[in-house]
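Data block below; observations after.
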Amino acid sequence: EDLDQIRDAIRPNTKLVHVETPTNPMMGLTDLAAAARVAHDAGALLSVDNTFASPFNQRPLDFGADIVVHSTTQYINGHSDMVGGLIVVNEDELHERLRFLQNAAGAVPGPWDCWLALRGTKTLHLRMRAHNENGARIASWLEGRSEVERVYYPGLESHPQHELATRQMDGFTGMISLEMGSLERARRFVEAVRIFSLAESLGGVESLIGHPAMMTHASVPEDRRQRMGLTDGLVRLSCGVEDADDLLEDLDQALAGAGRS
């Protein structure tokens, strides 16, 4: 998020700068065009993890990135039934170098996984519209709830980088993080949902809920999590493509059970 951090991290032998935007789970953004300039001025390539945004909502190559990576397990596949990843470039020489390394190292996905990912791309535009619509509606609704201390979603005007989001993203995905204020309230909330499933993944047609401090980021030391803003009260939502009214009803009853701070 802070370009000065990128500048400070670059060394004379730096060949690659890698960023994630939006970030998991705090939904922070990196200015892609500015990051590309910083990397290129240092003689390095810029690589971007675009998994949270999906290619439907954000295309880093258009902003100067050299490499884009996706977990195809998530939005691209969209059905939570395969594991994989991909690298996208728009320069022939770089493509040939990466293709050689893939072949030499054996990092080749299975044909069935590839077929499932390709199947997912056929409906990516349809699914992402639903994810975006549900995410925006639910984030706005959560922001008005007294049980929720803060909502992290780039599509909200309250997000500190909302203006940047509108410049480099066409939509804001179905990923939302919210602060419940304490571990106990977060625990009661995630245990009370009925439609959202408690799971670590994201980007599928089904809605998921997770507690990063106890799940996806449990291995991160507590002091580092605190510096990231990843508190014990943080909850992450992956809003699926179900009817938004059903999802809101589920969250409403779960928040009522969690109580206020």
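The values are calculated or read from the model by the stated rules, or taken from the named source; none is laboratory data. Predicted model only: the values in this text are computed from it and were never measured. Using ideal geometry, Cβ is built from the backbone for each residue, glycine included, and neighbour counts are taken over all protein chains shown.
Which one is nearest to residue 136 (Cα to Cα), of the residues in segment 3-20 that are in contact with a helix residue (DSSP H, G or I) (Cβ under 7 Å, 6 or more places away or on another chain) and surrounded by 14 or more Cβ atoms within 10 Å (Cβ to Cβ)? If you could, list the steps in order and put the result at the bottom.
Kept after step one, since they are in contact with a helix residue (DSSP H, G or I) (Cβ under 7 Å, 6 or more places away or on another chain), are these residues of segment 3-20: 3, 6-7, 17, 19.
Remaining after also requiring surrounded by 14 or more Cβ atoms within 10 Å (Cβ to Cβ): 3, 6, 17, 19.
On the way: 3: 27, 6: 30, 17: 31, 19: 24 Å.
Here the residue is 19.
Of all residues in segment 215-244, those satisfying the criterion of being closer than 19 Å to residue 153 by Cα and aliphatic (A, V, I, L, M) are 228, 230, 234, 235, 237, 241, 244.
With 46, 32, 94 as the choices, which residue is surrounded by 20 or more Cβ atoms within 10 Å (Cβ to Cβ), of a type in the set (A, V, I, L, M, F, W, C), free of Cβ contacts under 8 Å to residues at least 60 places away in the same chain and outside the structural domain of residue 211 (by TED's automatic domain parsing)? Lay out the reasoning, then the answer.
Values: 32 fails: free of Cβ contacts under 8 Å to residues at least 60 places away in the same chain; 94 fails: surrounded by 20 or more Cβ atoms within 10 Å (Cβ to Cβ).
That would be 46, the only listed residue that is surrounded by 20 or more Cβ atoms within 10 Å (Cβ to Cβ), of a type in the set (A, V, I, L, M, F, W, C), free of Cβ contacts under 8 Å to residues at least 60 places away in the same chain and outside the structural domain of residue 211 (by TED's automatic domain parsing).
Inside segment 188-200, residues that are modelled with pLDDT of 95 or more, of a type outside the set (A, V, I, L, M, F, W, C) and either crowded, with 17+ Cβ neighbours inside 10 Å or part of a loop (DSSP other than H, G, I, E, B) (or both) make up a count of 1. Restricting attention to segment 53-83, report how many residues are touching a helix residue (DSSP H, G or I) at 6+ places or on another chain (Cβ under 6 Å), in a helix (DSSP H, G or I) and not small (Gly, Ala, Ser). Qualifying residue count for the region: 3. Taking the conditions (1) in a helix (DSSP H, G or I); (2) surrounded by 12 or more Cβ atoms within 10 Å (Cβ to Cβ) in turn, residue 100 satisfies each one other than (2).
Listed conditions (1) surrounded by 19 or more Cβ atoms within 10 Å (Cβ to Cβ); (2) touching a His at 6+ places or on another chain (Cβ under 6 Å) are all met by residue 86, apart from (1). For the residues 71, 54, 80, the requirement of being under 22 Å from residue 166 (Cα atoms), among the hydroxyl-bearing types (Ser, Thr, Tyr) and under 18 Å from the mean Cα position of the chain (by Cα) singles out 54. Scanning segment 186-232 for residues that are of a type in the set (D, E, K, R) and either more than 14 Å from residue 255 (Cβ to Cβ) or in contact with an Asp or Glu (Cβ under 8 Å, 6 or more places away or on another chain) (or both) turns up 194, 200, 206, 222, 223, 224, 225, 227, 232.
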